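Participant: Okay, here's the structure, questions in a sec.
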Amino acid sequence: MHDELIAWLRLSLVQGLGARGQIQLLRALGEPVVILGCKQDILAQYVPMKVAGAICAAANAGITPQIEATLNWLEQPNHYILTLADERYPKKLLELPDPPVVLYAKGDLSWLDRPAIAIVGSRNASPQGIQNAQSFAKHLSLQGVTIVSGLASGIDAAAHRGGLDGQGSSIAVVGTGLDRVYPASNRDLAHQLADQGLILSEFAIGSPPKAEHFPLRNRLIAALGLGCLVVEAAMGSGSLITARQSLELGREVFAIPGSIHSSLAKGCHHLIKNGAKLVESGIDIFEELAAPLSLFDLPEGAAALSKKSPGKPGDEDPILSKIGWEPIDFDSLIELTGLTSEALCAILLGLELEGQLSCLPGNRYQRLAGAG
């Protein structure tokens, strides 16, 4: 297994080959050990001659400092390298035409088996955008849905924090090697994700942040989610690339509308005009994804949210009726509803996002005028 892993690493580290070239060679010639044993003229039938020469050079290079550093990194707790031959490799990534042949991971791999939603948006987000990203992520995570994003500043960071606040946790897909954190301002968040969630990268240990890494990273974010929520995005932003990649993979795309005067809303409005679902609460996402989400064992309360339909005139939400019009504390609501704290918290957050409920100091709640 050690020699096999080294062969995978050698192939993945060849300069100029890339994921598409690696996949082409694997399909044509077989496993990396076989590819590395081929002569240059054979390899040149599938890749440029210069790249074929680089593969032959890699095959005869011995244990390079980069491979040695990678193996040392792998020895640390909760550090993993998943190859295409590994049964733990995320199946959703196999839907890509160019899945990474080697995937580096840090954290808990079990989050790859959970239903996930990608949440992306502007690095220079507005305060409202930050609040929306964190609230939507927390609402979904409290229902057991894992939040996938890119660990960038702004919307990404807020989405990860919201995901970590619920039982669905969060997965970050980054554009550097996993021995680095970019941006440095997210270092504490990255440590929390490694402890409570998962961080993934297709880039080798030691890789710095490069502009070309981030569009590549976006396709993995799109593939890992059942759908993609765009919170705020200017025209031409990377978030729109992720949304397009989601559509190409047959995923649902959601967008939160904003002010017609805000440049950060124009990307979302463009998506909505072209078929993305306008969302105002997490319930909108659950309704759209009810079928795929039903295949997972989600916590109490999630099924009710995913099946919730607009009420008829005169109907009243049963939780709102328990709250009444006077402020009420969380513990009293648990007694009145009989729900678990996780299920009740998720429903209350959904009502708050819908504008039907206000959270008051002291963990108390009160209905808003006109709610219900």
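Participant: How many residues does the stretch 17-28 hold that are under 15 Å from Phe203 (Cβ atoms) and not polar (S, T, N, Q)?
Facilitator: 3
Participant: Collect the residues in the stretch 165-178 that are more than 21 Å from Ala222 (Cβ to Cβ) and in contact with a helix residue (DSSP H, G or I) (Cβ under 6 Å, 6 or more places away or on another chain), keeping them in residue-number order.
Facilitator: Result: Asp165, Gly166.
Participant: While we're on this one: Does the stretch 318-351 hold any residues that are among the acidic types (Asp, Glu) and loosely packed, with under 14 Cβ neighbours inside 10 Å, and which are they? Steps first, answer last, please.
Facilitator: Kept after step one, since they are among the acidic types (Asp, Glu), are these residues of the stretch 318-351: 326, 329, 331, 335, 342.
Scanning the stretch 318-351 gives Glu326, Asp329, Asp331, Glu335.
Participant: Now a separate question. Surrounded by fewer than 24 Cβ atoms within 10 Å (Cβ to Cβ) and touching a strand residue (DSSP E or B) at 6+ places or on another chain (Cβ under 6 Å), is that true of Leu189?
Facilitator: When the stated conditions are applied, Leu189 does not pass them.
Participant: Within the stretch 200-240, which residues are among the hydrophobic types (A, V, I, L, M, F, W, C), surrounded by 21 or more Cβ atoms within 10 Å (Cβ to Cβ) and over 24 Å from Gly267 (Cα atoms)?
Facilitator: Residues satisfying the conditions are Leu200, Phe203, Ile205.
Participant: Could you tell me whether any residue of the stretch 108-124 is in a helix (DSSP H, G or I), free of Cβ contacts under 8 Å to residues at least 40 places away in the same chain and more than 10 Å from the chain's Cα centre (by Cα)?
Facilitator: Yes; the residues of the stretch 108-124 include at least one that is in a helix (DSSP H, G or I), free of Cβ contacts under 8 Å to residues at least 40 places away in the same chain and more than 10 Å from the chain's Cα centre (by Cα).
Participant: Also, I was wondering about something else. Within the stretch 68-89, does at least one residue satisfy the condition of being farther than 28 Å from Leu193 by Cβ, in contact (Cβ under 8 Å) with a residue 40 or more places away in the chain and either in a helix (DSSP H, G or I) or assigned by TED's automatic domain parsing to the domain that holds Gly197 (or both)? Please lay out each step first, then the result.
Facilitator: Step one: list which residues in the stretch 68-89 are farther than 28 Å from Leu193 by Cβ, which gives none.
No, that holds for no residue.
Participant: For the stretch 221-248, enumerate the residues that are among the aliphatic types (A, V, I, L, M), out of contact with any Gly (no Cβ under 9 Å at 6 or more places or on another chain) and either more than 22 Å from Thr176 (Cα to Cα) or touching a residue at least 40 places away in the same chain (Cβ under 8 Å) (or both).
Facilitator: Scanning the stretch 221-248 gives Ala222, Ala223, Leu224, Leu226.
Participant: Something else about it: Residues of the stretch 241-271 being more than 15 Å from the chain's Cα centre (by Cα), aliphatic (A, V, I, L, M) and crowded, with 18+ Cβ neighbours inside 10 Å, which ones?
Facilitator: Once the filter is applied, which keeps residues that are more than 15 Å from the chain's Cα centre (by Cα), aliphatic (A, V, I, L, M) and crowded, with 18+ Cβ neighbours inside 10 Å, the stretch 241-271 yields Ala255, Ile256, Leu264, Ala265, Leu271.
Participant: Restricting to the stretch 336-353, what's the tally of residues that are over 23 Å from Leu164 (Cβ atoms) and either modelled with pLDDT under 75 or of a type outside the set (Ser, Thr, Tyr) (or both)? Walk me through how you get there before you give the answer.
Facilitator: Here is the first cut: in the stretch 336-353, the residues over 23 Å from Leu164 (Cβ atoms) are 336-338.
So of that shortlist, the ones also either modelled with pLDDT under 75 or of a type outside the set (Ser, Thr, Tyr) (or both) come out as 336, 338.
Result for the stretch 336-353: 2.
Participant: Could you please let me know if Ala172 is assigned to a strand (DSSP E or B), in the same structural domain as Ile117 (by TED's automatic domain parsing) and within 20 Å of Ala133 (Cβ to Cβ)? Steps first, please.
Facilitator: Values: assigned to a strand (DSSP E or B): yes; in the same structural domain as Ile117 (by TED's automatic domain parsing): yes; within 20 Å of Ala133 (Cβ to Cβ): yes.
Against the criterion (assigned to a strand (DSSP E or B), in the same structural domain as Ile117 (by TED's automatic domain parsing) and within 20 Å of Ala133 (Cβ to Cβ)), Ala172 qualifies.
Participant: Has the stretch 160-167 got any residue that is part of a helix (DSSP H, G or I), within 20 Å of Leu271 (Cβ to Cβ) and either under 16 Å from the mean Cα position of the chain (by Cα) or not small (Gly, Ala, Ser) (or both)?
Facilitator: No - not one qualifying residue is present in the stretch 160-167.
Participant: Would it be correct to say that Ala118 is buried (at least 21 other Cβ atoms within 10 Å of the Cβ) and either out of contact with any Lys or Arg (no Cβ under 7 Å at 6 or more places or on another chain) or under 30 Å from Gly21 (Cβ atoms) (or both)?
Facilitator: In short, yes.
Participant: Look through the stretch 344-362, keep the residues that are without any contact (Cβ under 8 Å) to a residue 60 or more places away in the chain and within 27 Å of the chain's Cα centre (by Cα), and return whichever of them is farthest from Asp284 (Cα to Cα). Can you show your working first?
Facilitator: From the stretch 344-362, those without any contact (Cβ under 8 Å) to a residue 60 or more places away in the chain are 344, 347-348, 351, 355-362; that's our starting set.
If we keep only those that are within 27 Å of the chain's Cα centre (by Cα) as well, we get 344, 347-348, 351, 355.
Details: Leu344: 18, Ile347: 13, Leu348: 15, Leu351: 12, Gly355: 14 Å.
Looking at the filtered set, the residue picked out is Leu344.
Participant: Scanning for something over 16 Å from Ile205 (Cα atoms), surrounded by 13 or more Cβ atoms within 10 Å (Cβ to Cβ) and in contact with a strand residue (DSSP E or B) (Cβ under 9 Å, 6 or more places away or on another chain), does the stretch 71-87 turn up at least one residue?
Facilitator: Within the stretch 71-87 (the criterion being over 16 Å from Ile205 (Cα atoms), surrounded by 13 or more Cβ atoms within 10 Å (Cβ to Cβ) and in contact with a strand residue (DSSP E or B) (Cβ under 9 Å, 6 or more places away or on another chain)), the answer is yes, since at least one residue qualifies.
Participant: Which number in (1) surrounded by fewer than 21 Cβ atoms within 10 Å (Cβ to Cβ); (2) in the same structural domain as His213 (by TED's automatic domain parsing); (3) assigned to a helix (DSSP H, G or I) marks the one condition that Phe136 misses?
Facilitator: (1)
Participant: From the list Leu9, Leu13, Leu29, Leu17, pick out the single residue that is surrounded by fewer than 20 Cβ atoms within 10 Å (Cβ to Cβ), within 28 Å of Arg219 (Cα to Cα) and touching a residue at least 24 places away in the same chain (Cβ under 8 Å). Lay out the reasoning, then the answer.
Facilitator: On the way: Leu9 fails: surrounded by fewer than 20 Cβ atoms within 10 Å (Cβ to Cβ); Leu29 fails: touching a residue at least 24 places away in the same chain (Cβ under 8 Å); Leu17 fails: surrounded by fewer than 20 Cβ atoms within 10 Å (Cβ to Cβ).
Of Leu9, Leu13, Leu29, Leu17, the one residue that is surrounded by fewer than 20 Cβ atoms within 10 Å (Cβ to Cβ), within 28 Å of Arg219 (Cα to Cα) and touching a residue at least 24 places away in the same chain (Cβ under 8 Å) is Leu13.
Participant: If you don't mind, there's one more thing I want to ask. Within the stretch 232-258, can you find the residues that are of a type in the set (A, V, I, L, M, F, W, C) and out of contact with any Ser or Thr (no Cβ under 7 Å at 6 or more places or on another chain)?
Facilitator: Selection gives Met235, Leu240, Ile241, Ala243, Leu247, Leu249, Phe254, Ala255, Ile256.
The values are calculated or read from the model by the stated rules, or taken from the named source; none is laboratory data. The structure displayed is predicted, hence computed values, not measured ones. Cβ coordinates were reconstructed from backbone atoms using ideal geometry, including for glycine residues, and neighbour counts include every protein chain displayed.
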